[in-house]
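Everything below concerns the one structure shown next.
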């Protein structure tokens, strides 16, 4: 039996409908405890997602990062972050370049004052 254009088109339409019906739809309603990831269908605990945001850096991290910002005048945030991470690897604290950028913006006055003192 030869395949005609209309039968091929009908097959493609039925295949598309079948795929759309079987595709897992994401739950748009907010859930307090459990969220399902659409692609791999695994449970994600929402409380564990926010634990990293609740953890604040110790105070010495801010002062040492500001000191490095003041000492390394022409260095970028990536260089300062990698220098900090290499220097304080024994204390098990690290900073990201976005942390250094936000610190530079938030405490600009203190950073410029330290820069002037050095």
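For first residues located in the range 64-93 and at negative phi and touching a residue at least 12 places away in the same chain (Cβ under 8 Å), partners that are exposed (fewer than 12 other Cβ atoms within 10 Å of the Cβ) and assigned to a helix (DSSP H, G or I) and lie 6+ apart or on another chain with Cβ distances below 6 Å do not occur. Tell me, which residue of the range 108-118 that is more than 11 Å from residue 65 (Cα to Cα) and touching a residue at least 12 places away in the same chain (Cβ under 8 Å) is nearest to the chain's Cα centre (by Cα)? Applying the filter and picking the extreme gives 110.
Scanning the range 68-88 for residues that are under 18 Å from residue 110 (Cβ atoms), surrounded by fewer than 16 Cβ atoms within 10 Å (Cβ to Cβ) and in contact with a helix residue (DSSP H, G or I) (Cβ under 7 Å, 6 or more places away or on another chain) yields a count of 2.
Looking only at the range 91-111, which residues are within 19 Å of residue 55 (Cα to Cα) and in a loop (DSSP other than H, G, I, E, B)?
Pass one, the range 91-111, residues within 19 Å of residue 55 (Cα to Cα): 91-103, 106.
Of everything in the range 91-111, those that are within 19 Å of residue 55 (Cα to Cα) and in a loop (DSSP other than H, G, I, E, B) turn out to be 91, 92, 93, 94, 95, 96.
Which helices (runs of 4 or more DSSP H) does the range 34-75 wholly contain that include 2 or more residues that are farther than 16 Å from residue 97 by Cα and modelled with pLDDT under 55?
Working: elements: 46-49, 51-54, 59-71.
Those helices (runs of 4 or more DSSP H) span 46-49.
The values are calculated or read from the model by the stated rules, or taken from the named source; none is laboratory data. The shown structure was predicted, so the numbers you read here are calculated from the model rather than taken from an experiment. Ideal geometry is used to build each Cβ from the backbone, glycine not excepted, and the neighbour counts take in all protein chains shown.
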